[in-house]
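> Can you read through this structure? Questions will come right after.
The values are calculated or read from the model by the stated rules, or taken from the named source; none is laboratory data. This is a predicted model, so every value here is computed, not measured. A quick note on method: Cβ atoms are made from the backbone with ideal geometry, for glycine too, and the neighbour counts reach across all protein chains shown.
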């Protein structure tokens with residue numbers, strides 16, 4: 001019998017159970033895996049707590065590596081005995097197990113030079129970094145980014161990748177030990193937010209201009225300071241919410257930040273508008289699409305103003 005960590009109702013760590021499970025044979029499009037290493041991710045807490053609702057009982061974990069021990073019909077991308085790694089979401093939930101069935105589609109063949117433990121620890125982080133650096137923004141040498149949690153798993157990969165692209169990296173950390181770690185891996189400037197004001201330091205480093213892009217994986221505690229650190233028409237990318245989800249806010253507050261705009265000549269409403277319109281899909285890049293979103297943010301043009309805009313709605317397609 002295989003071993004697995006499962007939960008039958010949501011809550012704290014006490015809801016997790018160590019159980020014996022019957023794995024069975026793979027069906028069409030599936031394989032059976034024997035895990036060697038399992039990745040632990042902050043998002044696992046969201047499944048366990050119910051922030052990400054799933055049918056119960058459920059397994060936990062979305063990332064792992066191991067060997068293919070059986071192959072179902074119609075599987076073309078992997079074969080019996082292959083070393084593989086994977087990461088995902090609902091499609092891979094159940095990684096906290098010694099063996100499991102899983103769709104073959106998300107599996108990635110693992111080169112012999114990469115250890116199972118390394119793969120399980122960095123597959124999600126590596127793919128996230130690739131997306132951030134190659135598909136979010138048309139970076140060019142000389143651009144400046146603000147990278148929160150620069151000493152974290154994603155941050156360390158992004159910092160190194162950014163330097164290869166010729167970017168200037170401003171990283172934030174919470175301790176001097178993390179500062180040294182991040183600096184050694186590519187950050188040009190480090191802000192220890194336990195000791196320094198992030199926005200003031202960013203403005204000083206950029207000579208008042210602000211950064212081209214903010215990568216914010218912290219969420220609630222850094223959302224406003226991240227917006228304040230952007231240049232005119234800068235892009236804010238919310239990558240995670242380790243400090244908590246971003247609470248609803250009134251976009252009109254951004255339009256009323258007169259003191260900030262007078263000091264730095266940065267139209268804050270345009271910052272959030274750029275982020276929102278760039279998240280809505282192809283129609284947002286048209287002039288009509290941008291005007292439509294602008295009216296919804298400002299309450300002009302006959303549409304009601306949004307009094308409690310919640311950024312998490314963008315992830316759920318709430319404005320599509």
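> Looking only at the range 38-96, filter to residues that are surrounded by fewer than 17 Cβ atoms within 10 Å (Cβ to Cβ) and at positive phi; which one of those is nearest to the chain's Cα centre (by Cα)?
50
> Can you report the number of residues in the range 97-116 which are over 19 Å from the mean Cα position of the chain (by Cα) and in a loop (DSSP other than H, G, I, E, B)? Let's see the steps before the verdict.
Within the range 97-116, the subset over 19 Å from the mean Cα position of the chain (by Cα) is 97-105, 107-116.
Those still in the list that are in a loop (DSSP other than H, G, I, E, B) too: 98, 104-105, 107, 110-115.
So the answer is 10.
Conditions tested, residue by residue: (1) on the phi > 0 side of the Ramachandran plot; (2) surrounded by fewer than 18 Cβ atoms within 10 Å (Cβ to Cβ); (3) modelled with pLDDT under 80.
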site	(1), (2), (3)
203	no, no, no
207	yes, yes, no
215	no, no, no
223	no, no, no
227	no, no, no
232	no, yes, no
255	no, yes, yes
260	no, yes, yes
269	no, no, yes
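> Return a yes/no flag: does the range 114-121 have any residue that is at pLDDT 95 or above, within 30 Å of residue 72 (Cβ to Cβ) and buried (at least 21 other Cβ atoms within 10 Å of the Cβ).
yes
> Also, quick follow-up: Residue 211 fails exactly one of the following numbered conditions: (1) at pLDDT below 95; (2) touching a helix residue (DSSP H, G or I) at 6+ places or on another chain (Cβ under 7 Å). What is the number of that condition?
(1)
> Quick check on this structure: which one of 197, 151, 162, 184 is modelled with pLDDT of 95 or more and not assigned by TED's automatic domain parsing to the domain that holds residue 39?
On the way: 197 fails: modelled with pLDDT of 95 or more; 151 fails: modelled with pLDDT of 95 or more; 184 fails: modelled with pLDDT of 95 or more.
Testing whether each residue is modelled with pLDDT of 95 or more and not assigned by TED's automatic domain parsing to the domain that holds residue 39 leaves just 162.
> Here's another thing I want to ask about it. Scan 93, 80, 110 and give me the residue that is touching a residue at least 40 places away in the same chain (Cβ under 8 Å) and over 23 Å from residue 6 (Cα atoms).
That would be 110, the only listed residue that is touching a residue at least 40 places away in the same chain (Cβ under 8 Å) and over 23 Å from residue 6 (Cα atoms).
> Out of the range 83-95, which residues are in a loop (DSSP other than H, G, I, E, B) and either touching a helix residue (DSSP H, G or I) at 6+ places or on another chain (Cβ under 8 Å) or not assigned by TED's automatic domain parsing to the domain that holds residue 70 (or both)?
Just the residues of the range 83-95 that are in a loop (DSSP other than H, G, I, E, B), to begin with: 87-89, 93-95.
If the condition is that a residue be in a loop (DSSP other than H, G, I, E, B) and either touching a helix residue (DSSP H, G or I) at 6+ places or on another chain (Cβ under 8 Å) or not assigned by TED's automatic domain parsing to the domain that holds residue 70 (or both), then 87, 93 are the ones that fit.
> So which residues in the range 16-34 are buried (at least 20 other Cβ atoms within 10 Å of the Cβ) and within 29 Å of the chain's Cα centre (by Cα), if there are any at all? Talk me through it step by step, then tell me what you get.
Of the range 16-34, the ones buried (at least 20 other Cβ atoms within 10 Å of the Cβ) are 26, 30-33.
Within the range 16-34, 30, 31, 32, 33 meet the criteria.
> Could you name every one of the strands (runs of 3 or more DSSP E) located completely within the range 121-223 that has at least 2 residues being without any contact (Cβ under 8 Å) to a residue 12 or more places away in the chain?
On the way: elements: 144-147, 168-173, 189-192, 211-216.
Passing ranges: none, list empty.
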